[in-house]
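For reference, the structure discussed in these notes is given below.
Please treat every number below as a calculation from the coordinates, not as lab data. Keep in mind it's a predicted model, so treat the numbers as computed, not measured. A quick note on method: Cβ atoms are made from the backbone with ideal geometry, for glycine too, and the neighbour counts reach across all protein chains shown.
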Amino acid sequence: MNLIAIYSLVIQAHYFAPYSTMKHLLLVFIALFFFSAAALGQAQEAINAKADTMQKYLPETQLSTSVRLKRIVIDGNKVTRRAIILREMSVHEGDTLAVDSMPRLLNQNKLRLINMALFNDIEMDIEKVTAKEVIWHVHLKERWYILPSFTFELADRNFNTWWVQENHDLSRANFGLTVADYNFRGNLENLAATVQLGYTRKLVLSYLIPYIDKQQKSGLGFAISLAKSRQTYYASDSDKLQYVNSDNNKDILQQIEAGVSYIYRPGYATRHIVTLSYKDYQVGDTVLKLNPNYYADNSTKARFFELQYRFELNKVDNWNYPLLGFKFVGYFVSRLGLQGINNQSYINVETGIFRNPLPKWYFSAILRGRLVLPEKQPYYFEGGLGTRTDYVRGYEYYVIDGSQYGLLRFDLKRELFNKVYREHIQYFTSIPLRLYPKIFVDMGYVKSNDLMGNDNFLANQLLYSAGVGLDIVTLYDIKIRLEFAYNHLSRNGLYLHLNSE
């Protein structure tokens, strides 16, 4: 039985089982969460291992209290250039290192290379040259970088909305072919082209070169896209999106975007990105008849320039699935309207704290927020909670309109299983599998001054939920989240997500 079939059975159980039964299932899950570690918690660790002593790397070897790093030897990088790898490392040839600090540095630099998302397996060891000199060996097994892949993407905000509210209608799915090279020329450049058919027809071309200077601090990116659809949402009612189809089988929505970005990365954990874009959106007359405020001035078009500044401070252990550290992402966006949109500016922030209070236990707190000026905006540019990433868990079936919002998430998880399976298959030599049962609490608030006269009821009040879940993390940065949540409306459900929190 596949994952979707299992999910379908659980959803049906949720809708037809009495609430008392669901409550008992919840209590059983919590009990399993706290007591299952005794059975499976001793599996081999894949990452985040505690630093060992130097005896692990150089047994029965005498070294001075500090040594000189004579050379860094890298093997296995058949595509990736040596300079790109050394750029990520915190040690350099000629550095003088305290012997006691070297196990920690080995673990730190392994995590840094993991965050490049270029390698399936990374091993490091130390070779003694003299009592005062060592050689650092880095052994790599590269991923498959050129990925011609067929994509299946849902037009709805998340899997749960598509499965339950839209009755898993395949006409609301997008099918596409993406050809991407995630390590073009071995320079960590990203060159990609996407052709998508289905609910939304789309063509996307993008190119990113992370470093254009010898210091490897400045980069450039370019992107252009065209999207068309015969159906779009035009408003929300009862905090759920309302859709309209084109009358004559023509496109009711067209969006053209083109942009150029400058990236400045002065250090490992800090990144500044400035993006200038031009965007041209158009909808059919039917949309304006249903919602005259869809764009400004009762227009069927929205044309504008957008300037975005994004700042990232990422000091977590693993960028794909953080367990330790701190991160902050903030961006300021200013839009200059030419037609169908007022001048608009907004600030988005996200900050996350990740801690390890006890062995194999992990706690996280994530805060997201948005502030828009001026507050009153055309419907399409208003925003709110309920998108693909910003939502209160347990409210996946709702969209809460409003220009200002805040979201707070707390998670407490336990490492249940952590093992790397070794296979003799190229590009799949190491297959990690990690399982994290968890409990969580979410809170959110959306401020809205205009509820459009519809039966929206979730804005301007505190939203909160609690639940239990299971995170599954495996190779090629794949993440699966199964979460059972209970919200302040006294409604509960099981939800599936394929992204990070």
Query - the stretch 401-501: relative contact order in percent, alpha carbon pairs under 8 Å with at least 6 residues between - result: 24
Query raised in the report: Which net charge results when you count Lys and Arg as +1 and Asp and Glu as -1 among the other residues whose beta-carbon is under 10 Å from that of Ser277?
Result: 0
Query raised in the report: Over the stretch 54-142, what relative contact order in percent results from Cα pairs under 8 Å that are six or more residues apart?
Result: 42
Query raised in the report: With charges set only on the Cβ (+1 for Lys and Arg, -1 for Asp and Glu), what does the dipole of the stretch 338-460 come to about its Cα centre, in debye to the nearest 20?
Result: 800
Report summary line: Rounded to the nearest 5, the percent of antiparallel DSSP beta bridges in the stretch 54-142 equals 65
Query - For the stretch 54-142, size of Cβ-based charge dipole, Lys and Arg +1, Asp and Glu -1, in debye - result: 220
Query raised in the report: So for the stretch 191-279, taking the charge dipole from beta-carbon charges (+1 Lys/Arg, -1 Asp/Glu), which of His272, Ser236, Gln215 sits furthest toward the positive end?
Result: Gln215
Query raised in the report: If the stretch 54-142 were replaced by its equivalent ellipsoid, with semi-axes equal to the square roots of 5 times the Cα gyration tensor eigenvalues, what would those be, largest first, whole Å?
Result: 23, 13, 11
Query raised in the report: With a 10 Å Cβ neighbour count serving as the proxy for reagent exposure, in which order, fewest first, do Ile425, Ile122 appear?
Result: Ile425, Ile122
**Report entry** Neighbourhood net charge (12 Å Cβ-Cβ; Lys/Arg +1, Asp/Glu -1) for Ser225
**Finding:** +2
Report task. Report relative contact order for the stretch 268-393 in percent, whole number only (criteria: Cα-Cα under 8 Å, sequence separation at least 6). Result -> 21
Report summary line: Answer check: the stretch 315-382, Cα atoms, Kirkwood Rh, Rg/Rh ratio of 1.21
